[in-house]
């Protein structure tokens with residue numbers, strides 16, 4: 001009986017912690033939307049990851065030729081907490097916001113369709129947090 005109670009308590013704690021992390025990501029995503037102006041249309045997804053101690057998350061995206069995109073990256077309650085880098089299939093760096101004081105968003109035009117990976121990690125001032133990336137395209 002004691003093992004059942006301990007197992008139940010651990011499971012309840014894990015569920016509570018998980019719900020708290022999702023709630024944190026929800027509020028960060030809501031704050032990140034402010035970077036998506038009316039001229040951009042969301043791709044309909046929110047790319048999220050819970051990051052701890054210098055971890056990084058990798059997201060995959062396809063950007064279609066002759067389109068203009070905006071990528072917004074947020075973590076925490078202020079801008080500049082998330083470092084993101086966009087790589088092509090050969091792992092060449094196409095852009096990193098590290099070169100621009102961790103700018104929270106970037107607009108770019110794609111001439112040819114390309115598959116990319118986007119790596120996100122917290123800046124050095126945060127030890128853990130939820131990373132949220134939003135991608136939208138210009139109307």
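Looking at residue 30, is it at pLDDT 70 or above and either outside any helix (DSSP H, G or I) or in contact with a strand residue (DSSP E or B) (Cβ under 6 Å, 6 or more places away or on another chain) (or both)? No, not satisfied. Contact list please: Cβ distance under 9 Å, first residue in the stretch 102-123 and on the phi > 0 side of the Ramachandran plot, second residue buried (at least 17 other Cβ atoms within 10 Å of the Cβ) and outside any strand (DSSP E or B), pairs at least six apart or on different chains. These pairs meet every condition: 102/79; 102/80; 102/81.
Could you say whether any residue in the stretch 78-88 is closer than 14 Å to residue 35 by Cβ and surrounded by fewer than 16 Cβ atoms within 10 Å (Cβ to Cβ)? Yes, the stretch 78-88 contains a residue that is closer than 14 Å to residue 35 by Cβ and surrounded by fewer than 16 Cβ atoms within 10 Å (Cβ to Cβ). For the stretch 58-77, a residue qualifies if it is under 14 Å from the mean Cα position of the chain (by Cα) and buried (at least 18 other Cβ atoms within 10 Å of the Cβ), and the qualifying residues are 59, 70, 71, 72, 73, 74, 75, 76. Scanning for something in a strand (DSSP E or B), at pLDDT below 90 and touching a helix residue (DSSP H, G or I) at 6+ places or on another chain (Cβ under 9 Å), does the stretch 92-107 turn up at least one residue? No; the residues of the stretch 92-107 include none that is in a strand (DSSP E or B), at pLDDT below 90 and touching a helix residue (DSSP H, G or I) at 6+ places or on another chain (Cβ under 9 Å).
Just to be sure I understand, how many residues within the stretch 51-86 are touching a residue at least 24 places away in the same chain (Cβ under 8 Å) and assigned to a loop (DSSP other than H, G, I, E, B)? Number satisfying all stated conditions: 12. Within the stretch 110-118, one or more residues are crowded, with 17+ Cβ neighbours inside 10 Å, more than 23 Å from residue 37 (Cα to Cα) and out of contact with any helix residue (DSSP H, G or I) (no Cβ under 7 Å at 6 or more places or on another chain).
The values are calculated or read from the model by the stated rules, or taken from the named source; none is laboratory data. Please read all numbers here as calculations on a predicted model, not as lab measurements. All Cβ positions, glycine included, derive from the backbone under ideal geometry; neighbour counts span all protein chains shown.
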